[in-house]
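The values are calculated or read from the model by the stated rules, or taken from the named source; none is laboratory data. Here the structure is a predicted model, which means the values were calculated and not measured. Don't worry about glycine lacking a Cβ; one is built from the backbone with ideal geometry, like all the others, and counts go over all protein chains shown. In case anyone asks, the SASA skips ligands and DNA or RNA and just uses the protein heavy atoms, side chains included. Shrake-Rupley method; radii C 1.70, N 1.55, O 1.52, S 1.80 Å.
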Amino acid sequence: MRVSKAFIPTVKETPQEAEIPSHKLMLRAGLMRKVAAGFYEYLPLGQKVILKINQIIREEMERAGAQEVLMPIMTPAELWQETGRWQKYGKELMRVKDRHERDYALGPTHEEVITDLVRRELKSYKQLPMNLFQIATKFRDEVRPRFGVMRSREFLMKDGYSFDVDDAAADKTYWIMVEAYKRIFKRCGLNFSPVEADSGLIGGSFTHEFMVLADTGEAAVAMCSSCDYAANLEKAFGNPTPHATAAAGGPFQEVSTPGKHTVEDVGALLKLPASQFIKTLVFIADGKPVVVLVRGDHDVNEVKVQNHLQAAEIALASGEKVYEVTKAPVGFAGPVGLSGVKILADKALQGGHQYVTGGLKKDIHLTGVEFGRDFAEPEWGDFRNVINGDGCPKCGKELKVGRGIEVGQTFKLGTKYSQAMKCVYLGEDGKDKEAVMGCYGIGVTRTVAATIEQHYDADGIIWPIATAPYQVHLLCLNPAEPEVAKIADEFYEKLRQAGYEVLYDDRMEASAGFKFKDADLLGFPISVRVGARGLKEGLVEIKRRREKDVAKVVVADVMNKVKEVAEVEWKFCTP
RNA sequence: CGGGGCGUAGCGCAGCGGUAGCGCACUUGGUUUGGGACCAAGGGGCCGUGAGUUCGAAUCUCACCGCCCCGACCA
């Protein structure tokens with residue numbers, strides 16, 4: 001494609017609506033434009049990236065034995081009512097009525113639709129396993145769309161669903177899909193990690209999230225510095241760092257701590273480390289108050305508390321609620337003398353002595369508090385977030401907490417949907433059995449953003465060659481000089497004939513500097529620069545976007561050099 | 001939904017009671033051409049929408065709408 005004819009509207013200044021690098025760069029490099037909050041148009045360059053990711057997904061899905069289908073965006077309410085998700089899903093499920101006042105939902109995911117399809121066609125165990133996927137538009141009426149395409153309301157997703165005869169077969173399929181996912185993200189040139197996760201509303205027995213490691217990620221991930229353990233912070237477990245050294249001692253004492261209501265403030269006042277504190281937090285779970293105790297240097301993990309209580313809803317209590325439960329203002333809650341409330345305590349507190357806690361009175365804390373002696377044994381459990389430096393549950397080495405962008409998730413669903421929707425087959429023994437399901441998603445448009453989030457610098461995007469809109473950016477620096485233009489034209493032909501995807505900057509009106517800036521912004525992996533200055537000595541320049549150095553090559557060697565450089569680039573995208 | 005910020009030319013911004021501005025982009029002509037060229041001449045605005053205050057509103061007041069950020073939420 002010639003730049004002079006292409007629709008690639010690059011922008012010099014950062015649009016004010018964008019905050020994170022991928023959003024800024026997708027707008028600046030002309031990959032997309034916004035229509036309204038959470039809705040975007042993909043321009044030719046953006047669409048090319050999407051198509052490349054789709055192609056990688058298709059190849060790997062087929063390799064893993066899955067077949068492509070296409071389902072509608074509008075889905076009838078009855079299907080959602082069958083599984084109860086018409087009620088449970090909440091406002092994120094975009095509901096619409098047709099002219100006959102019939103209810104529909106714009107599909108946020110397609111378990112119901114696919115299960116309905118399969119139950120109508122599935123008769124015998126001989127038809128299994130069945131593994132179907134689609135790449136299609138999904139709609140979720142997000143409370144707060146954010147960060148451009150990272151969290152948008154309409155987005156492209158690959159969703160796949162597997163049906164197996166039994167649990168063992170489903171497990172096998174699940175791990176085949178996990179392997180396929182690893183290959184997909186590797187082929188996209190991403191630095192990612194499959195992490196253990198909480199399974200959430202979709203249900204099922206186990207699940208992995210595929211996280212692209214990037215600072216702007218919305219999810220926190222705990223990763224082992226030594227082995228392959230990695231888990232979403234919601235679920236991660238770590239062995240706590242040791243307690244402060246205090247031994248069991250005398251009775252607890254009241255200390256005056258006027259105006260000091262954080263662990264930090266009181267710790268500074270008493271000259272004690274945060275790990276010597278019991279942090280006491282009040283939650284409201286399904287309308288009832290619950291007190292959760294964690295060590296002063298730890299934070300409560302609400303998901304773990306919620307799962308332990310089997311609660312549908314949980315939230316930190318308001319100041320008034322805290323007063324109701326503890327008879328003290330926020331900051332002075334403690335377990336000693338507290339009654340009539342369920343108390344959960346994190347295991348990291350176990351075995352420690354002489355704790356400091358709130359005294360249930362304004363401006364009073366207690367020191368020398370002992371579990372069991374000064375208040376009844378609480379319900380113990382894992383209720384905290386892993387912190388940097390905790391021990392890995394697998395190998396014992398140090399855990400690190402980082403950020404990730406969730407680009408994919410795999411679930412083993414079991415029979416949750418096949419049971420609710422009677423998706424059964426006739427077994428070898430002549431009896432009806434429920435199919436055992438799995439489901440597998442990849443956010444395609446989010447993957448585009450995640451790729452940029454991981455591959456950019458101050459000048460622009462640095463595409464991996466596998467998903468770059470074009471592989472080679474050919475720049476004609478002096479198009480007004482006939483010899484230069486002629487040689488650049490020839491390279492445009494040769495490169496395309498050699499099978500490269502080439503964007504040819506043949507613009508008469510743009511200066512050389514302008515072309516360089518655009519090339520850096522667009523970020524294709526290889527650029528070939530033909531200019532009068534080089535040609536005087538018979539040289540053409542070849543530059544890799546991810547490197548600073550420029551190679552100067554005699555005209556006859558250009559094709560070989562491009563090939564060599566391309567091979568190096570492809571190594572970043574090879575499983 | 002709670003908190004905060006912003007809506008003025010295509011983009012980025014200034015102006016904050018008295019004639020609507022700047023830079024970039026765009027059009028025309030000319031000169032240029034190796035890191036976002038220069039000169040000259042142009043075109044482009046319901047100052048988000050509506051009501052109010054005022055002799056007079058982009059500017060003050062109120063309401064609404066849109067967009068962005070933090071939080072809550074997130075198969």
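Every condition in (1) within 15 Å of RNA strand B (Cβ to nearest atom); (2) modelled with pLDDT under 95 holds for A:TYR440 except the one numbered (2).
Beta carbons closer than 8 Å, at least 6 apart along the sequence or on distinct chains, pair a first residue in the range A:517-542 that is without any contact (Cβ under 8 Å) to a residue 40 or more places away in the chain with a second that is within 7 Å of RNA strand B (Cβ to nearest atom) and among the basic types (Lys, Arg) for A:GLU541/A:ARG529; A:ILE542/A:ARG529. Within the range A:174-190, is even one residue more than 16 Å from RNA strand B (Cβ to nearest atom), under 14 Å from A:VAL436 (Cβ atoms) and in contact with a strand residue (DSSP E or B) (Cβ under 7 Å, 6 or more places away or on another chain)? Within the range A:174-190, none of the residues are more than 16 Å from RNA strand B (Cβ to nearest atom), under 14 Å from A:VAL436 (Cβ atoms) and in contact with a strand residue (DSSP E or B) (Cβ under 7 Å, 6 or more places away or on another chain). Can you tell me which residue is nearest to A:GLU13 (Cα to Cα) among those in the range A:499-515 that are hydrophobic (A, V, I, L, M, F, W, C) and over 37 Å from the mean Cα position of the chain (by Cα)? Within the range A:499-515, the match that is nearest to A:GLU13 (Cα to Cα) is A:ALA510.
The set of residues in the range A:383-432 being under 18 Å from the mean Cα position of the chain (by Cα), of a type in the set (S, T, N, Q) and either open to solvent by less than 10 Å² (accessible area, probe 1.4 Å) or away from RNA strand B (no atom under 16 Å from the Cβ) (or both) consists of A:THR410 alone.
Restrict the check to the range A:191-202 and report whether at least one residue is open to solvent by 20 Å² or more (accessible area, probe 1.4 Å), among the aliphatic types (A, V, I, L, M), out of contact with any Leu (no Cβ under 8 Å at 6 or more places or on another chain) and away from RNA strand B (no atom under 13 Å from the Cβ). Scanning the range A:191-202, I find no residue that is open to solvent by 20 Å² or more (accessible area, probe 1.4 Å), among the aliphatic types (A, V, I, L, M), out of contact with any Leu (no Cβ under 8 Å at 6 or more places or on another chain) and away from RNA strand B (no atom under 13 Å from the Cβ), so the answer is no.
Residues that are more than 13 Å from RNA strand B (Cβ to nearest atom), at least 3 per element: which helices (runs of 4 or more DSSP H) completely within the range A:459-575 meet that? Working first, answer last.
Details: elements: A:482-497, A:512-522, A:532-535, A:558-571.
It comes to A:482-497, A:558-571.
Take the conditions (1) outside the structural domain of A:ALA532 (by TED's automatic domain parsing); (2) open to solvent by 10 Å² or more (accessible area, probe 1.4 Å); A:PRO464 misses just one of them, which is (2). Where residues in the range A:119-173 are within 16 Å of RNA strand B (Cβ to nearest atom), touching a strand residue (DSSP E or B) at 6+ places or on another chain (Cβ under 9 Å) and β-branched (Val, Ile, Thr), which of them is farthest from A:LEU70 (Cα to Cα)? Of everything passing the filter in the range A:119-173, A:VAL149 is farthest from A:LEU70 (Cα to Cα).
Of all residues in the range A:443-484, those that are small (Gly, Ala, Ser) and modelled with pLDDT under 95 total 2. Residues of the range A:443-458 that are within 13 Å of RNA strand B (Cβ to nearest atom) and touching a Cys at 6+ places or on another chain (Cβ under 7 Å): A:THR447 alone.
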